[in-house]
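The values are calculated or read from the model by the stated rules, or taken from the named source; none is laboratory data. All figures in this text were calculated on a predicted structure; none of them were measured in a lab. In this analysis, Cβ positions are derived from the backbone assuming ideal geometry, glycine residues included, and neighbour counts consider all displayed protein chains.
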Amino acid sequence: MPGTQHPSKTPLFIGLGFLIFIVGMTGLYTVLTSGSSFLSQIRLPGLNLPQQDDGLGRFNSEEEFKTYLSQGSEALSGLGSFGVFSGGSLRNFAAQDLMLAPSAGMGVTGTEASTFAAQPQRVSDTNVQVIGVDEPDIVKTDGNTIYFSSTNYFYDTPLPVEPFIMEDNFITEDRVTSELIPPTPGTYQGPQTKVLKAFPPSELEVTQSINEYGNLLLTDSHLVVFDSNQAGISGYKLGAFDEGPDWEYSPDSNTQMVAARLYNNEIYMVMQTYVYSYSGCPMKVFETGLTVPCTDIWRPNTVVPVDTTFTIVKINPSSGSIIDSVSFVGSSGQSVVYMSQSDIFATYTYYQDLVQFMFGFLNDSGRDIVSPLVLSKIDSLRGLDISNRAKQVELEIIMDQYYSSLPQDEQVRLRNEFANRAQDYLKEHGRDLEQTGIARIAANSLDVAATGSVPGTPLNQFALDEYNENLRIATTVTASGFGNAQSVNDVYVLDAGLNKIGEVLDLGVTERVYSVRFIEDKGYLVTFRQIDPFYVLDLSNPRAPKMAGELKIPGFSSYLHPISKNLILGVGQENQNVKLSLFDVSNPGSPTEVSKYLLDEYWTEVASNHHAFLYDPRHSAFFLPAGQSGYVFSVSDNTLALERVVSDISAQRALYLDDYMYILGDTKVVVVNELDWQDVNSLTLR
């Protein structure tokens, strides 16, 4: 453009970190208006979408579906993507964020099994967020049998054979030949799901192997394998694995699985299907067995960046039949899904409309640094019936022309003024800029029941919790990419209609949430930047929640687990070591770290996957893998004590049957007696 001085481009776009909200390197084009849920935001231009169900509805035709996709994909260009459900892959969904929760609980404590010969009376469950709801993991047990899906593989290479000399019937100097004995072909065994006879421990052995491997769910009659290799799902009848799966589904070529859970003997799966402006209907989710008509797909009446449709599928694990499904448009960015006995909560993060936010900034803080004409042009731009991407381009042109018209000295002054005033404005309005929308979907009917929003972004599934019909959610407003704005952390309480009724703000300013745990009317939150503030929240009055106490210590905790009503265990890191902290919260106003232990290990899977953690309340003992070893600690008299280490087995998981702890590694299973922590038996896995 004539007159444009590119080396010192518009101060609004340089001084504010490229307008601060364009998110630096990613070039974020924001799409939703400030401070509102997706119910009341801007209608899609050119679409006549009747508002249904408080702002949500289904498509009326395939043509309407394609038009929505076309406009939504345009809005997605250059956008920090978000979605109704999180993207991801089957290979890592154990750490994804689907949660089926009947109520907030104290963690898994094991189940009592039926009494008969050679049947343990105590059988541990997978460590889940809520008792009674199973999550897929690589280890499952019914008490008699352990199912262990390992990614371990090996190739047996024969020893080299020395060459020997083949001679004729007589020896001559010019008649000698040599041959190399051909080696015996090696044996390859890929990753498998091992079926182990587990109880009693003296009879530990591998009884069968299944070539499919991945995360597992176990019902009374079926083992369900989410195949990491084929990205499919198969149901095997117990004890009949050699006959192959009783039922199976394979995703369509444009579809992958995000997460799955087992609740009330029904499997809930979240499937993600990539869609394009030319995608037609019906939409295939599985290669066979499930297609979705356009008129069954839900959409908000707003400008939503769209590249994906997500489908929640309920499956009967015994027959493999599909019970019900519901589909939404969205995008493949990170989000969190949480489910209670009655509802599914789906979150998605979005940002305020760029032009709207800019107008608010200039109207509030910049009237004396831009001309009235510039402000008037931006105000007019807000009301144009064009895409947000087009508005962003027009906004840059307006500011670029204004900047180029100024003398050099004024350009430098303006750049500095914008940079400083923007930081002050973001301190007050950063929560308006970054929002997380929440949709509540009835679990029985899979119909949309309510929508709402809160500032910031939740960390993971533990950042959401339903208690007494209220939803508690912890978020971080990161201000990532928005210059030097400070991050803040908040906790909000929403009622059944997802209306905000309570809040606790500004926990750990300049820090971000590293772990959250809600337990009945209490909340525990860890933020981190240089130190580890451990917060205790009093949520007994949902309309007036408050921060009850705070403790600042070195390092951080990335997973919190309740040991008892008054003791919370934190698993995290301090400097370069795995750190275990035991917090006494008996006095919520003054939490204390009563015990601490640093392992000579750099990392533990528990930091990112709670399924790797096991707690046995009878023996007040817990297990965690770290490095190549498995560590067993006890908790007694408010003190952590290292009881046993099983080393060099690539430890993955542990479970208990009666008073025996089974420590499973890629190469070996070791059984120890929890009464004295001595070995009982072991089994090499090949």
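Residues in the stretch 606-624 that are in contact with a strand residue (DSSP E or B) (Cβ under 6 Å, 6 or more places away or on another chain) and surrounded by fewer than 18 Cβ atoms within 10 Å (Cβ to Cβ): 620 only. Looking across the stretch 423-445, the residues that are over 20 Å from residue 500 (Cα atoms) and either surrounded by fewer than 20 Cβ atoms within 10 Å (Cβ to Cβ) or touching a His at 6+ places or on another chain (Cβ under 7 Å) (or both) come down to 423, 424, 427, 444, 445.
Which of the following residues is over 28 Å from residue 423 (Cα atoms), touching a helix residue (DSSP H, G or I) at 6+ places or on another chain (Cβ under 7 Å), charged (D, E, K, R) and touching a residue at least 60 places away in the same chain (Cβ under 8 Å): 385, 343, 364, 307? Only one candidate qualifies: 307. Check the stretch 583-596 and report whether any residue there is at negative phi, in contact with a helix residue (DSSP H, G or I) (Cβ under 8 Å, 6 or more places away or on another chain) and of a type in the set (Val, Ile, Thr). No, every residue in the stretch 583-596 fails to be at negative phi, in contact with a helix residue (DSSP H, G or I) (Cβ under 8 Å, 6 or more places away or on another chain) and of a type in the set (Val, Ile, Thr). Could you go through the stretch 531-547 and let me know if any residue there is within 18 Å of residue 478 (Cα to Cα) and of a type in the set (Ser, Thr, Tyr). No, the stretch 531-547 contains no residue that is within 18 Å of residue 478 (Cα to Cα) and of a type in the set (Ser, Thr, Tyr). If the condition is being touching a residue at least 60 places away in the same chain (Cβ under 8 Å) and not in a helix (DSSP H, G or I), then the stretch 605-641 contributes 608, 609, 613, 614, 615, 616, 617, 618, 622, 635, 638, 640. Considering the stretch 503-523, and only residues there that are buried (at least 19 other Cβ atoms within 10 Å of the Cβ) and of a type in the set (Val, Ile, Thr), the residue that is farthest from residue 607 (Cα to Cα) turns out to be 504. No other residue among 420, 468 is under 30 Å from residue 534 (Cα atoms) and surrounded by fewer than 19 Cβ atoms within 10 Å (Cβ to Cβ) apart from 468. So, residue 549, is that one in a strand (DSSP E or B) and farther than 30 Å from residue 499 by Cβ or not? Here the answer is no, as residue 549 does not meet what is asked. Among the residues of the stretch 140-160, the one identified as over 31 Å from the mean Cα position of the chain (by Cα) and at pLDDT 70 or above is 144.
The residues of the stretch 392-406 that are out of contact with any Lys or Arg (no Cβ under 8 Å at 6 or more places or on another chain) and part of a helix (DSSP H, G or I), listed by number, are 392, 393, 394, 395, 396, 397, 399, 401, 402, 404. Inspect the stretch 538-554 for any residue being under 30 Å from residue 136 (Cα atoms) and touching a Gly at 6+ places or on another chain (Cβ under 9 Å) and give the result as yes or no. No: the stretch 538-554 contains no residue that is under 30 Å from residue 136 (Cα atoms) and touching a Gly at 6+ places or on another chain (Cβ under 9 Å).
A count restricted to the stretch 281-323 and to residues that are assigned to a loop (DSSP other than H, G, I, E, B), under 22 Å from residue 343 (Cβ atoms) and more than 26 Å from the chain's Cα centre (by Cα) stands at 1. The strands (runs of 3 or more DSSP E) found wholly in the stretch 438-511 and carrying at least 1 residues that are of a type in the set (S, T, N, Q) occupy 448-455, 470-477, 488-494.
Okay, residues lined up against (1) buried (at least 22 other Cβ atoms within 10 Å of the Cβ); (2) among the polar types (S, T, N, Q); (3) at pLDDT 95 or above:
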| residue | (1), (2), (3) |
| --- | --- |
| 175 | no, no, no |
| 187 | no, yes, no |
| 190 | no, no, no |
| 204 | no, no, yes |
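Within the stretch 335-347, not a single residue is of a type in the set (D, E, K, R) and surrounded by fewer than 20 Cβ atoms within 10 Å (Cβ to Cβ).
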